[in-house]
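In what follows, a single structure is set out as structure tokens and then discussed.
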Amino acid sequence: MKEYFAEWTEILIPWLLSSGIRIIGIVIVSIMINKIIKRGIDKIVRISVVANNYSSKEAERKREDTLIQIFSITSKIALFSIVTLMILQEFGVAIGPILAAAGIVGLAFGFGGQYLIRDIICGLFIILENQYRIGDYVKFTNLEGSVEKISLRMTTLRDLDGTVHHIPHGEIKEVSNYSKDFSRVNLDIGVSYNANLEQVIAVVNKIGNELAEDAEFKEFIIKAPQFLRVNDFADSSVMIKILGETSPSKQWEITGELRKRLKIAFDNEGIEIPFPQRVIHQA
């Protein structure tokens, strides 16, 4: 037993003093390089992304965060692969055959990996065209939610129920972005046919202006919600359209507050929001 232990000690100690120290050095250097790359990516992206006349500071920050995340993930994968090969080499594993085998396997999977390639190419176009960013609220064909993560291969959404959806970029056929540059209050509300339309218009515009001047909401409102037109003569009501502009993703909050204030104001002014009615003629 002592001879067996002594034999392993004679082999292990020289290895630890040579390859073992090199492995520790490789790990430490790789951690330092990863931090340097991460900081470099952050600075380069912050400097390179130039704001335009239509994008807010928040929108540009979202775009920067998206690009930083994608470049950081890609650099980590590349660095991890290199470090793994270097460590294997210290353990006496010949990495030449591994690289050759990886090339052959990559060629073999190339024919079956066309969907992966499609996802990556589509992801590149999504990123380059700035279709959406992390933090945006988007709708795909059958799914919608806030963008939590974007990689080269897929986008991760979280809907209002808290459900997380992972969508490969190649499956995305159309994108509706609810928070690009600005959002819009687009509200249809019905009033009675007996209501005085001039009074209704005055009340709507007054409430819209008051909301835009409110200290709690004014920083999110770009254009005060105002009466736009009589949109329809419905069965039981005259439908009017109210339009305004808000900061990205704030349209739902502002629209909800507008509905509440309009209901209170209509009640005070005696303006009826009618229930569906049906007139029956008896023969």
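Return the sequence-ordered ³J(HN,Hα) values of the stretch 174-181 in whole Hz as given by the Karplus equation 6.51 cos²θ - 1.76 cosθ + 1.60 applied to θ = phi - 60°, using x for Gly and Pro.
Working through the residues one at a time gives 8, 10, 10, 9, 7, 9, 8, 6 Hz.
How large is the dipole of the stretch 126-177 about the Cα centre if only Lys and Arg carry +1 and Asp and Glu carry -1, each at its Cβ, rounded to the nearest 20 debye?
Dipole of the stretch 126-177, to the nearest 20 debye: 160 debye.
Could you compute the net charge surrounding LEU187? Neighbours are other residues with a C-beta less than 15 Å from the C-beta of LEU187; K and R count +1, D and E count -1.
+4
Once Lys and Arg get +1 and Asp and Glu get -1 on their Cβ, which of HIS165, ILE127, PHE140 lies farthest toward the positive end of the dipole of the stretch 126-177?
Towards the positive end, the residue furthest out is ILE127.
Roughly how many nanometres apart are two label points built 7 Å out from the Cα toward the Cβ at ILE280 and ASP161?
3.9 nm
Just grab the label-to-label distance for ASN205 and ASP267, each label 7 Å out from Cα along the Cβ direction, in nm (one decimal).
Placing both labels 7 Å beyond Cα along the Cβ direction yields 2.6 nm.
Separation between the SER236 and SER176 pseudo-spin-labels, each 7 Å from Cα along Cα→Cβ, expressed in nm?
Taking the two extended label points, one gets 2.6 nm.
Rounded, prolate or oblate for the stretch 139-258? Axes are the square roots of the Cα gyration tensor eigenvalues, ordered a ≥ b ≥ c, and the cut-off for rounded is a/c under 1.5.
Because a/c hits 1.5 or more and a/b exceeds b/c, the stretch 139-258 counts as prolate.
For the stretch 126-177, what does the equivalent ellipsoid look like in terms of its semi-axes, each the square root of 5 times an eigenvalue of the Cα gyration tensor, given largest first in whole Å?
The equivalent ellipsoid of the stretch 126-177 has semi-axes of 15, 11, 11 Å.
Amide H neighbours of THR155 under 5 Å, counting only residues 5+ apart in sequence or on other chains, H built in-plane at 1.01 Å?
The list, which skips near neighbours in sequence, is ILE167, HIS169.
Checking the a/c ratio against 1.5 first, then a/b against b/c, what shape does the Cα gyration tensor give for the stretch 211-283?
prolate
Less than 14 Å Cβ to Cβ from ILE172, Lys/Arg counted +1 and Asp/Glu -1: what total charge do the surrounding residues give?
Net of charged neighbours comes to -2.
Return the FRET efficiency for the residue pair ARG229, ARG22: r is the Cβ-Cβ distance, R0 is 51 Å, and the value is rounded to the nearest 0.05.
Taking R0 as 51 Å, the efficiency between ARG229 and ARG22 is 0.10.
If you place +1 on the Cβ of every Lys and Arg and -1 on the Cβ of every Asp and Glu, how big does the dipole about the Cα centre of the stretch 159-234 come out, in debye to the nearest 20?
That gives a dipole near 280 debye.
Based on the Cβ-Cβ distance of ILE47 and ILE77, what FRET efficiency does E = 1/(1 + (r/R0)^6) give at R0 = 25 Å, to the nearest 0.05?
For R0 = 25 Å, the calculated efficiency reads 0.55.
Quick note: the coordinates plus some simple rules give every number you see, no bench work behind them. It should be emphasised that the depicted structure is a prediction, and the values quoted were computed from it without experimental measurement. A quick note on method: Cβ atoms are made from the backbone with ideal geometry, for glycine too, and the neighbour counts reach across all protein chains shown.
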